[in-house]
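Here is the structure we will look at.
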Amino acid sequence: MIARFTYVNRPSPIHRLDPAAKVVFLLCYIFSIVLFLDVRALAVMLLIGIVYYRLTGLKWQETRRAWKFILIFALIFIGISAVLWGGGQTVAEPHIIWQGPLGFDLTWEKLYYAAGIIMRMLGIAFVSIPLTFTTQPHDYGVGFKGIGLPDKFAVAIDLALRLVPTFASDFQSTMDAQRARGYETEGLRGGPIAKLRRMSPIVVPVTIGAIVSGEDIINAMDLRAFGSGPRTWSRKRQRTPADKMLIAFSLLMLVLCISWALTGHGAFEVFWVPGA
Amino acid sequence: MEQREQAQENIPPGTLQPVLEVRELSFEYSGAGVRAIDSVSFSVPAGAILLVAGPSGCGKSTLLRCLNGLIPHSYKGNLWGEALLLGEDIFKLERAELARRVGTVLQDPSHQLVASTVGADVAFGPENLGLPVPEILGRVDRSLALLHIEALRERDTHALSGGEHQKAAIAGVMALDPQVLLLDEPLANLDPQSAWEALQLFRRLADMGRTVVLVEHRVEDALKIAPEQVMLMDAGRMTYYGDVEGMREAADYHAVKLPAEWVMDKVRAEHAATQEDYQPTPAWRPTGEPVVSYRDVRFSYPSDPGIPAREIVKGVSLDVYAGDRIAVLGPNGSGKSTMLRQMIGLLKPQSGVVTVEGMPTTKRTVAQLAHTVGYVFQNPGHMLFAPKVREELAFGPQNLRRSKGQIDADVEMALRITNLVPQADRPPLALSFGQQKRVALASVLSMRPRVLVMDEPTAGQDYANYTRFMDEIMSLPDIEGVIFITHDLDLAIAYANRVWLVRDGTIVKDGPPEEVLSDLELLRQCGLRPTTLLEVNLALFERTGKFLRAEALAIWDLGVRTADLQSTRTA
Amino acid sequence: MAQRVDVMRTDTRDNPWTVGTREVVYMAIGAALYGLFSWLTTGLRIPGPFNSSARPGVAIPLFFGAAFGPVVGFFSGFVGNIIGDLLSGYGFSFNWSLGNGLMGLVAGLASYYIRRLDNPRTIAISVGFAILGIIVGMGFASFTDIWFYNIDLNAAWTEFVPIFIANSLSAIVLIPILAIAWEAVRTRTGQTA
Ligand SMILES: Nc1ncnc2c1ncn2[C@@H]1O[C@H](COP(=O)(O)OP(=O)(O)OP(=O)(O)O)[C@@H](O)[C@H]1O
Ligand SMILES: Nc1ncnc2c1ncn2[C@@H]1O[C@H](COP(=O)(O)OP(=O)(O)OP(=O)(O)O)[C@@H](O)[C@H]1O
Ligand SMILES: [Mg+2]
Ligand SMILES: [Mg+2]
C-alpha cells in the first residue's frame, strides 16, 4: 500500500509560488466568492479561478478523482437544494417554466440559483485543487509559518506529513500480522457496532504503536534543542515579485468584494434573474 | 567509594581534563521504588570511546539520559550525585546549551528523523538554535560530507534503509557539532556489513577528538574498534569499569555477547563445577513429503503507474521438510521477508507456484493456511491489541473457528511454553519488550502450526533473553519445521541445521551450516562478516565435524582433552 | 555523601492549553493517523444523498483530545482532515477541516475534568465530551455549507444527521478500546506522572 500525496511535480508558475501566497489567495478567494449569488459577479470570480487553474498546467488525468468528487457533490446539491426544496424561491415572483406534478415546478429562479451554486463550487474547486497538487508536502510547514503560524504548529504540520508514510507501512504490517492470525476484513458480519469492534485488532496496534514511538520523537526533538527559543527556517524563501503580486491581488480582491457586497450587491440582496 | 578510586586509577596518565566526569550518580524514576542507576562513576577524556554493556533493563539508557539532560528536564524522579561536562555541572546547563555540546543517537534511529527529507532533518537542530541560514546550510553540508551521505540529501526519510537511517540520525546530531556523542544500541537492526561500517565511523569520530559513549550489548562487535574504556552494568550498578583486557575476566557471557574464545575459556573454567550440557541441533535429514514447496516463484510489488515493477523474488524453488531448522541469511532488502510471506499466502506468486501440504496457496485463504504455517512478525507492536494476554492468544484460534475447549487447551499450552502463565491476565501492552516478543510468539503457537516462520526473532533483545527464547522455541514439541530470518551468523551456527543464503531475490546457497558458512567469499558477497564463533568453528571443524555454539565447543573441547588425557594414561 | 539534586519536570498537563514538545508530537501523530485512516475508509459510504463516507477514524482526534488536551484534539482534527483530502486527492475543504478541528477541540475540553482514562467514569466523561464535540464540529461544518454553497437548512440537516450518528457510534465503540490500551502502555512511557 502506497500512501502518496497528490503532488504533481511540474514547472509551472503556480508551483514556483510560495505556499504562503497560495494559502492567502485561497482563503481570500473563498471568502470573496461566498459573498455572492449573482451569476454576473460569480462569472467574474469563476474566470479568476479558471485562469489560476490553467496556470498550474494540471492535467485531467491527474485531478480526475478530485473533479469527480466535486461534481458528484455539486449534482447532489442541485438535486436537493435547488430543485426539490426550491432554493431561490424566497426572492420575487417565481417565473415558472414548467409546472410539474406534486406541486413541483421548474422556475427560472431555481435554474439561476442552481447555476449560482455550481459556479461557486467550481470556483472554490479551481483554486483549492491546485494547492495540494502544486505544493510539495514538506513545503507546507514553512509556508504556514510564512503567514504567521507559530513555530510549534508549523513544525507539527511538517512532522505530521513526515509520519504519514511511516504509519501507512505500520498499518500494512499490522494488517499482515493479523491476517496471519486468521483475521479477515472481507465479509465482516453483524451491525455497525460489531463491525467497529472488529476493527480494534488494526486500530489499536497502529494507534498505540504510534503514540509509543512518539516518546522517542519527543526526546529526539528535545535533544536537538526544539522549543528552546525562536527558530530559523532554512527552507524559507525570499518572497518573489510573483508572490507579492498574488498576495496584493488577493487582498485587493477581498476588499473589493466586501465593499461591493456591503453596498447592497451581496448574496442576500442580489439574486439576478435575466428579464425579471 | 571503592568504584570512584578505581575510576581515577583508570584515567590514563598525562591526559587532559576529562570531558565527561560522573561521580556517584544515581537516579530513581518517580514512583519506581528502586534506583534505575545506582552510584555510577567514571571519567572519559577527549578522543576516547567508553563502551557500556549490560543486560536489558540494567540502566544503560537511563545513564545516557542523565548525560544529555533528558533527566532532569523530561523525566521525573530523584537524582543524586554529579555529572560534569568539562568541569561544568550538566544538571545546571541550559537545554539549548546542552544540545549543542552533547549529541545523542537514540535506541531506534527511525524515530529520530523528524523531517521529511534527510537534508531538512540534518538542518533541524541548527534551525532550533536560531542560527542564520547560511551557517545552517554550511553545517548541513559538512555533516553530510562527514558521513559520506551527500547523495541522501533529498531522499525521503521514511524510505531509508536501516543503515542509512543510522547515518542520517548521526549527521543530524553532528550538525550541532557536539563534544560528546552518546550512542544507544546503534547496531541493533543493522546487517553485519552495515554494523561494521557504523562502528568504523564511531572510531573515526573519536579519533577526531570527540568523546564517545557507546551503549551496546553486542560487545563482541564493539570490541573490534578498541574502545579505550569499558563499563559493565547490572541492575543499575557498575560491575566493572576499566580497560578491555580486564573485562575478559569480569564479563558474564550469559549477559552480553562476547568473542567466542572468551566464552570458551569461561565455560571451560566453569564446566568443572556445573556440568551443564548443551543439546546440539539434530542434523538435517529430509524425510517424507515436504510440508511447503516453492517452484520457480517470482514476485514483484505493484508499482506506480508508469514505473516498471521491480522483481523482488526471482525464481525461487525450495522444499521444507519436517525436522528442518532453517536460518535465512542475507543483506537488508534482499527479499527475505518477501519470499517467506508467500508461505502463508500474504503475498501470492505472480508466476510459479507455492504449495502448502500439497495445495497451491492461490487456492486457499490466509486464514486456511494459518492452520499449517505460523508467521511471527518482527515487531510485536504490530499485533498486540487485546486487554489481556489470554485474549490475545485466543484471537488466532477463534479466527480459525476452533472449538471453545480446544482453544482453552491450546492457549494454556502456549502460555506454559513461553513462560507467560504469571502474565496471563495482564494487558500485553503493559509488558516489557522481551515479554511482548514472547506474547507475539505465543499468539501464533496457540494456533498450533506445523511450520513456524519467524522474522528476525532476536532483533532488539539482549543476549541472555534471546538465547533463552531461541532455546525454548527449538525445544517446542509439535513444531515440525522452524524457519527464522536473522542477521546474526552465530544464531545460525547455534540453532540451524540448514541455511538459506539469500542475495538479490534468489537463494544462492542451501545446505547445512557447515557447508554454506564455510564459503567465506560467498558470505562476504551476501553482506555477512565472519564472527569469532565462525572462525573458531572453521578452525576446529576438521576435528568436530560440525558447527557448535561456543559453550558446546568448549565442552566438546574439554571432552576431547579428557579423552586425550585418558588415552595417554592408558597408553 | 551523595548530593541530592532537585528534579522538576514541567508537567504540561496542568494547563490544558499549554503547547510543549510533547503536544507538538501528539498533534502530528494524531493528524497523520486521522488523515491516514480517513483515506483508507473513503470506500465506506454512509447511506444518504450526500457523498459522505463513514469514518471510524474520527475516534482518533476525539481520543487524542481527551488524552492530550484540546489543542492536540483541534490540530488532529483540522490538519488530519486536510491530510485525508490530500491523500485521496479531493482537494481541500476549509469549513469541513475547521469543523473536524472543533470536534477534537471540544472533545479535548474533557481534560479539564479528567486526568486519566483509567476507569469507566472518566471514560464515560470523555465519550460524553466527544459526542458534544461531534455535535459542535460536524454541526459547524454542515451548517456553514449553507453559507459556502447556499444550501438550505433542510439540506444541512440531511447532511448532518447521518454523519452525527456514524461518528457517535465510532466514538462510543472505539474511544473506550483506545483508552484501555493507552492506559496499559502509559506506565511504560515517560508519562509516569
Ligand atoms: N520512563 C521510565 N519510568 C519509569 N521507569 C523506567 C523508565 N524508563 C526506564 N525505567 C526503568 O528503569 C530501569 C532501567 O531502564 P533502562 O531503559 O535504562 O535500561 P536499559 O539498560 O537501557 O535496557 P535496554 O537494553 O532494554 O534498553 C528499568 O527497570 C526500567 O523499567
Ligand atoms: N510493501 C512493499 N511495497 C513495495 N516494495 C516493497 C514492499 N516491501 C518491501 N519492498 C521492497 O522489496 C525489497 C525486499 O524487501 P524485503 O523486506 O523482502 O527484504 P529483506 O531481505 O526482508 O530485508 P531486511 O533484512 O531489511 O528485512 C526491498 O527493496 C523493499 O524496498
Ligand atoms: Mg536502553
Ligand atoms: Mg525483512
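Numbers below:
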item	result
Qualifying residue in the range C:89-96 (condition: within 14 Å of chain A (Cβ to nearest Cβ), in a helix (DSSP H, G or I), at pLDDT below 95 and touching a Leu at 6+ places or on another chain (Cβ under 8 Å))	yes
Filtered residue count, the range A:110-129, keeping only those that are farther than 18 Å from C:W96 by Cβ, at pLDDT below 85 and among the hydrophobic types (A, V, I, L, M, F, W, C)	4
Scope the range B:329-368; condition small (G, A, S), touching a Ser or Thr at 6+ places or on another chain (Cβ under 7 Å) and over 16 Å from A:A177 (Cα atoms); matching residues	B:G333
So B:E154, is it within 14 Å of chain A (Cβ to nearest Cβ), open to solvent by 10 Å² or more (accessible area, probe 1.4 Å) and under 30 Å from B:H254 (Cα atoms)	no
Residue in the range B:401-423 that is touching a residue at least 12 places away in the same chain (Cβ under 8 Å) and within 29 Å of B:V313 (Cβ to Cβ) present	no
Some residue of the range A:145-154 being crowded, with 21+ Cβ neighbours inside 10 Å, within 9 Å of chain C (Cβ to nearest Cβ) and of a type outside the set (A, V, I, L, M, F, W, C)	no
Top-ranked residue in the range B:334-348 [being open to solvent by 10 Å² or more (accessible area, probe 1.4 Å) and within 14 Å of chain A (Cβ to nearest Cβ); ranked as farthest from ligand 3 (Cβ to nearest atom)]	B:K348
Count of the range A:155-187 residues which are at the interface with another protein chain (Cβ under 8 Å from one of its Cβ atoms) and not in a helix (DSSP H, G or I)	5
From C:I135, C:I177, C:I163, residue being part of a helix (DSSP H, G or I), out of contact with any strand residue (DSSP E or B) (no Cβ under 7 Å at 6 or more places or on another chain), β-branched (V, I, T) and within 14 Å of chain B (Cβ to nearest Cβ)	C:I177
Of all residues in the range A:113-142 being away from chain B (no Cβ under 14 Å) and small (G, A, S), the one that is surrounded by the fewest Cβ atoms within 10 Å (Cβ to Cβ)	A:A115
Selected residue [over 22 Å from C:D152 (Cα atoms), within 16 Å of the chain's Cα centre (by Cα) and not small (G, A, S)] from A:R65, A:R54	A:R65
Elements of type helices (runs of 4 or more DSSP H) in the range A:188-260, at least 1 residues being under 19 Å from B:L384 (Cα atoms) and open to solvent by less than 40 Å² (accessible area, probe 1.4 Å)	A:192-197, A:200-223
One residue from C:T42, C:T10 being outside any helix (DSSP H, G or I), under 30 Å from B:P72 (Cα atoms) and either more than 7 Å from chain A (Cβ to nearest Cβ) or modelled with pLDDT of 85 or more (or both)	C:T10
Count - residues of the range B:48-70 that are of a type in the set (V, I, T) and within 13 Å of chain A (Cβ to nearest Cβ)	1
The range B:86-112 residues that are more than 27 Å from B:Q166 (Cα to Cα), paired with ones that are modelled with pLDDT under 90 (beta carbon under 7 Å, 6 or more apart)	B:L86/B:Q17; B:G87/B:Q17; B:F91/B:P72; B:F91/C:V5
Candidate set: the range B:366-387, residues that are more than 27 Å from the chain's Cα centre (by Cα) and more than 8 Å from every other protein chain (Cβ to nearest Cβ); chosen: the one most open to solvent (accessible area, probe 1.4 Å)	B:Q368
Residues (part of a strand (DSSP E or B) and within 9 Å of ligand 1 (Cβ to nearest atom)) located in the range B:75-87	B:G77
Answer residue from the range B:49-74, given it is more than 10 Å from ligand 3 (Cβ to nearest atom) and assigned to a loop (DSSP other than H, G, I, E, B) and is least open to solvent (accessible area, probe 1.4 Å) among those	B:G69
The range B:457-480: number of residues that are open to solvent by 30 Å² or more (accessible area, probe 1.4 Å) and within 16 Å of ligand 4 (Cβ to nearest atom)	1
Filter pass, C:T122 being more than 27 Å from A:W67 (Cα to Cα) and either of a type in the set (V, I, T) or assigned to a loop (DSSP other than H, G, I, E, B) (or both)	yes
Filter pass, B:L187 being at pLDDT below 95 and under 21 Å from B:S61 (Cα atoms)	yes
Residues that are within 25 Å of B:Q179 (Cβ to Cβ) and of a type in the set (S, T, Y), drawn from the range B:40-83	B:S41, B:S43, B:S61, B:T62, B:S74, B:Y75
Verdict on B:R438 being surrounded by fewer than 24 Cβ atoms within 10 Å (Cβ to Cβ), within 16 Å of ligand 1 (Cβ to nearest atom) and of a type outside the set (F, W, Y)	no
Subset of the range A:11-27 that is within 16 Å of A:L252 (Cβ to Cβ) and open to solvent by less than 10 Å² (accessible area, probe 1.4 Å) - its residue that is nearest to the other protein chains (Cβ to nearest Cβ)	A:L26
Single residue of the range B:105-122 satisfying the filter (part of a helix (DSSP H, G or I) and within 7 Å of another protein chain (Cβ to nearest Cβ)) that is farthest from the chain's Cα centre (by Cα)	B:A120
Any chance A:L42 is closer than 17 Å to A:T135 by Cα, assigned to a helix (DSSP H, G or I) and within 12 Å of chain C (Cβ to nearest Cβ)	no
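Yes/no per residue for (1) under 22 Å from B:G242 (Cα atoms); (2) away from ligand 3 (no atom under 16 Å from the Cβ):
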position: B:V40; (1), (2): yes, no
position: B:G47; (1), (2): yes, yes
position: B:K76; (1), (2): no, yes
position: B:L84; (1), (2): yes, yes
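The values are calculated or read from the model by the stated rules, or taken from the named source; none is laboratory data. Just so you know, these numbers come straight off a predicted model, no measurement behind them. Reconstructed Cβ throughout: ideal geometry from the backbone, glycine too, with neighbour counts over all protein chains shown. These accessible areas exclude ligands, DNA and RNA; they are computed on the full protein's heavy atoms, side chains included. Shrake-Rupley method; radii C 1.70, N 1.55, O 1.52, S 1.80 Å.
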